[in-house]
Amino acid sequence: MTQADMGVAVTGVGLVTPAGADEHTFWEGLCAGRSMARRCDDLAGLPVDFACPVDGIDLDLVVGGRSVWRMGRFVKLALIAARQAVADAGLSPETWDGSRVGVVVGVGVGGVSLLVDNVRKLDDAGPEAVSPLLVPMMIPNAAAGEVAIELRAQGPSLAPATACASGSTAIAVARDLLTSGRCDTVVAGGAESVLTPLVVAAFAKMGALSTRTSDPAGASRPFAADRDGFVLGEGAAMLVLERTADARARGGRLRALLTGAGASTDARHPTAPAPDGCGAQQAVEAALYEAGWTPRDVDHINAHGTSTPLNDAMETELVSRLFPHRPSLTAAKGVIGHTLAAAGAIEAVATVLTLEHGVVPPIANLDALPDGWDLDCVTKEPRRQDVRRAVSHSFGFGGHNVALAFERA
């Protein structure tokens with residue numbers, strides 16, 4: 001058995017994003033390089049009244065069944081993405097051994113809109129008006145629980161919460177479950193939906209959001225000299241992961257190899273990244289070590305790229321220092337906004353698709369880098385490139401850093 005056979009493979013992907021509610025429309029939207037940000041009626045009157053919502057899909061209709069009424073929006077997004085991923089992998093809960101299947105879904109916040117609605121009911125009509133299902137609907141682990149129920153997955157079911165790194169953390173945990181032999185199949189990813197006035201107002205108050213209210217579609221501009229904050233998004237992405245040898249033995253399609261994962265913590269500040277990027281670099285180097293790569297083996301970087309002054313400056317320091325050979329770099333948040341806990345999983349899928357198609361999507365709205373930043377950012381249009389090895393970065397409030405190393409299958 002080769003070292004590759006002993007590793008972990010991605011055999012299925014699924015996602016629901018502002019750029020599209022399936023793999024193909026998402027990829028087309030990402031490669032088009034146009035922001036999906038728009039004004040939202042629910043945010044009218046706020047200092048920031050725009051976001052990147054998931055449009056064009058009736059979540060209740062797609063989820064279907066009698067249980068949809070008990071699910072928050074973030075759970076529905078996760079469930080749809082999980083169904084897509086399992087179908088893409090050619091697997092079925094009807095035929096697998098559920099005791100050997102794990103589910104790991106990263107969620108950072110959970111059903112905050114449900115909480116807000118029930119607070120209003122409590123204030124307006126008293127305790128009898130509060131839903132008895134509020135707690136099981138709003139808790140962050142509801143997504144992992146509902147996905148496990150749907151898939152009859154009786155192995156470990158986990159819900160890591162590492163803020164904007166949660167989706168990548170879930171994929172890293174899934175890799176550990178496979179390499180340790182605890183599971184034979186893991187469905188892993190992230191989901192988030194918090195496009196509510198309360199959350200948007202809070203992010204705006206802390207100065208994290210772009211205030212480019214006159215031009216919502218131009219607001220998210222990762223690594224741009226004139227960036228001023230992120231645009232909030234929502235969505236979900238899930239990946240099916242298996243040991244490479246097992247996937248090959250059943251005739252499964254290997255979409256990419258997850259050859260390494262690394263994590264670290266800045267242990268410095270609750271929201272701001274360490275400016276020198278040394279904590280983030282520790283995570284990237286750990287992923288490279290697991291993969292057996294040197295930095296020069298990396299052809300492409302899918303950056304965290306939030307469009308905030310602090311993150312993009314830190315990430316530039318990291319990339320310039322660790323990757324002086326200037327691998328190509330993209331950042332999906334210019335198109336789909338910052339989907340928080342879902343971001344790392346969505347960007348992992350984007351990285352898999354780059355490896356498969358040999359195409360790097362452009363960063364939306366990036367016209368000029370700051371002076372002195374020497375990054376090979378892909379802009380304006382997709383770039384054809386023979387990408388064999390790629391790294392995806394995810395960083396979150398709390399100082400959480402995660403890096404995933406993917407290789408073409």
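With Thr11, Thr25 as the choices, which residue is in a strand (DSSP E or B), among the hydroxyl-bearing types (Ser, Thr, Tyr) and modelled with pLDDT of 95 or more?
Details: Thr25 fails: in a strand (DSSP E or B).
From the options Thr11, Thr25, the qualifying one is Thr11.
Would you check if Arg83 is closer than 27 Å to Leu239 by Cβ and of a type outside the set (Val, Ile, Thr)?
On the way: closer than 27 Å to Leu239 by Cβ: yes; of a type outside the set (Val, Ile, Thr): yes.
When the stated conditions are applied, Arg83 passes them.
Inspect the stretch 51-63 for any residue being without any contact (Cβ under 8 Å) to a residue 40 or more places away in the chain, open to solvent by less than 20 Å² (accessible area, probe 1.4 Å), touching an Asp or Glu at 6+ places or on another chain (Cβ under 9 Å) and not hydrophobic (A, V, I, L, M, F, W, C) and give the result as yes or no.
No: the stretch 51-63 contains no residue that is without any contact (Cβ under 8 Å) to a residue 40 or more places away in the chain, open to solvent by less than 20 Å² (accessible area, probe 1.4 Å), touching an Asp or Glu at 6+ places or on another chain (Cβ under 9 Å) and not hydrophobic (A, V, I, L, M, F, W, C).
Which residues, counting only those in the stretch 258-280, are open to solvent by 20 Å² or more (accessible area, probe 1.4 Å) and under 30 Å from Val240 (Cβ atoms)?
Thr259, Ala263, Thr265
Please work out if Phe406 is aromatic (Phe, Trp, Tyr), under 22 Å from Gly14 (Cβ atoms) and open to solvent by less than 10 Å² (accessible area, probe 1.4 Å). Talk me through it step by step, then tell me what you get.
On the way: aromatic (Phe, Trp, Tyr): yes; under 22 Å from Gly14 (Cβ atoms): yes; open to solvent by less than 10 Å² (accessible area, probe 1.4 Å): yes.
Taking the combined requirement at face value, the residue satisfies it.
Gly56 versus (1) part of a loop (DSSP other than H, G, I, E, B); (2) within 17 Å of Ala217 (Cα to Cα); (3) not hydrophobic (A, V, I, L, M, F, W, C): which is the lone unmet condition?
Only one criterion is unmet by Gly56, namely (2).
For the stretch 371-399, which residues satisfy the criterion of being of a type outside the set (A, V, I, L, M, F, W, C), assigned to a loop (DSSP other than H, G, I, E, B) and in contact with a Ser or Thr (Cβ under 8 Å, 6 or more places away or on another chain)?
Start the filter on the stretch 371-399 by keeping residues that are of a type outside the set (A, V, I, L, M, F, W, C), which leaves 371-372, 374, 376, 379-386, 388-389, 392-394, 396, 398-399.
Next, only the ones that are assigned to a loop (DSSP other than H, G, I, E, B) stay: 371-372, 374, 380-382, 385-386, 388, 398-399.
Listed by number, the residues that qualify are Asp374, Gln385, Gly398, Gly399.
Check Ala143 against each of (1) open to solvent by 20 Å² or more (accessible area, probe 1.4 Å); (2) touching a strand residue (DSSP E or B) at 6+ places or on another chain (Cβ under 6 Å) and name the one condition it does not meet.
Only one criterion in (1) open to solvent by 20 Å² or more (accessible area, probe 1.4 Å); (2) touching a strand residue (DSSP E or B) at 6+ places or on another chain (Cβ under 6 Å) is unmet by Ala143, namely (1).
Condition first: surrounded by fewer than 16 Cβ atoms within 10 Å (Cβ to Cβ), in contact with a strand residue (DSSP E or B) (Cβ under 9 Å, 6 or more places away or on another chain) and touching a residue at least 60 places away in the same chain (Cβ under 8 Å). Now tell me which residues in the stretch 358-379 satisfy that.
Asp367 - this is the single residue of the stretch 358-379 that is surrounded by fewer than 16 Cβ atoms within 10 Å (Cβ to Cβ), in contact with a strand residue (DSSP E or B) (Cβ under 9 Å, 6 or more places away or on another chain) and touching a residue at least 60 places away in the same chain (Cβ under 8 Å).
Considering Ala303, Ala332, which residue is touching a Cys at 6+ places or on another chain (Cβ under 9 Å), within 23 Å of Ala172 (Cα to Cα), modelled with pLDDT of 95 or more and of a type in the set (A, V, I, L, M, F, W, C)?
Details: Ala332 fails: touching a Cys at 6+ places or on another chain (Cβ under 9 Å).
Of Ala303, Ala332, the one residue that is touching a Cys at 6+ places or on another chain (Cβ under 9 Å), within 23 Å of Ala172 (Cα to Cα), modelled with pLDDT of 95 or more and of a type in the set (A, V, I, L, M, F, W, C) is Ala303.
Tell me yes or no: at least one residue of the stretch 22-35 is open to solvent by 60 Å² or more (accessible area, probe 1.4 Å) and touching a Ser or Thr at 6+ places or on another chain (Cβ under 8 Å).
First, the residues of the stretch 22-35 that are open to solvent by 60 Å² or more (accessible area, probe 1.4 Å): 24, 28, 34.
If we keep only those that are touching a Ser or Thr at 6+ places or on another chain (Cβ under 8 Å) as well, we get none.
Looking through the stretch 22-35, none of the residues is open to solvent by 60 Å² or more (accessible area, probe 1.4 Å) and touching a Ser or Thr at 6+ places or on another chain (Cβ under 8 Å).
Take the residues in the stretch 70-104 that are touching a Lys or Arg at 6+ places or on another chain (Cβ under 9 Å) and assigned to a helix (DSSP H, G or I); name whichever of them is surrounded by the fewest Cβ atoms within 10 Å (Cβ to Cβ).
Step by step, filter the stretch 70-104, then rank; the result is Gly98.
Considering only residues that are in contact with a helix residue (DSSP H, G or I) (Cβ under 8 Å, 6 or more places away or on another chain) and among the aromatic types (Phe, Trp, Tyr), look in the stretch 188-247 and name the one that is farthest from Phe406 (Cα to Cα).
For the stretch 188-247, the residue satisfying everything is Phe230.
Only one of these is surrounded by 24 or more Cβ atoms within 10 Å (Cβ to Cβ) and among the β-branched types (Val, Ile, Thr): Val349, Val387. Name it. It would help to see each step written out before you state the result.
On the way: Val387 fails: surrounded by 24 or more Cβ atoms within 10 Å (Cβ to Cβ).
Every option except Val349 fails the conditions.
Against the condition surrounded by fewer than 24 Cβ atoms within 10 Å (Cβ to Cβ) and either on the phi < 0 side of the Ramachandran plot or of a type outside the set (Gly, Ala, Ser) (or both), how does Ile171 come out, does it pass? I'd like the intermediate steps shown before the answer.
Values: surrounded by fewer than 24 Cβ atoms within 10 Å (Cβ to Cβ): no; either on the phi < 0 side of the Ramachandran plot or of a type outside the set (Gly, Ala, Ser) (or both): yes.
When the stated conditions are applied, Ile171 does not pass them.
Can you pull out the residues in the stretch 146-168 that are touching a residue at least 60 places away in the same chain (Cβ under 8 Å) and either open to solvent by less than 20 Å² (accessible area, probe 1.4 Å) or under 15 Å from the mean Cα position of the chain (by Cα) (or both)?
Val147, Leu151, Ala153, Ala161, Thr162, Ala163, Cys164, Ala165, Ser166, Gly167, Ser168
Just to check your reading of the model, which residue among Thr339, Thr316 is among the β-branched types (Val, Ile, Thr) and in contact with a Lys or Arg (Cβ under 9 Å, 6 or more places away or on another chain)?
Details: Thr316 fails: in contact with a Lys or Arg (Cβ under 9 Å, 6 or more places away or on another chain).
None of the other options fit; the residue is Thr339.
The values are calculated or read from the model by the stated rules, or taken from the named source; none is laboratory data. Remember, it's a predicted structure, so these values are computed and weren't measured experimentally. Here the Cβ is made from the backbone with ideal geometry for all residues, glycine too, and neighbour counts use every protein chain on show. What goes into the accessible areas is simple: the full protein's heavy atoms, side chains included, and nothing from ligands, DNA or RNA. Shrake-Rupley method; radii C 1.70, N 1.55, O 1.52, S 1.80 Å.
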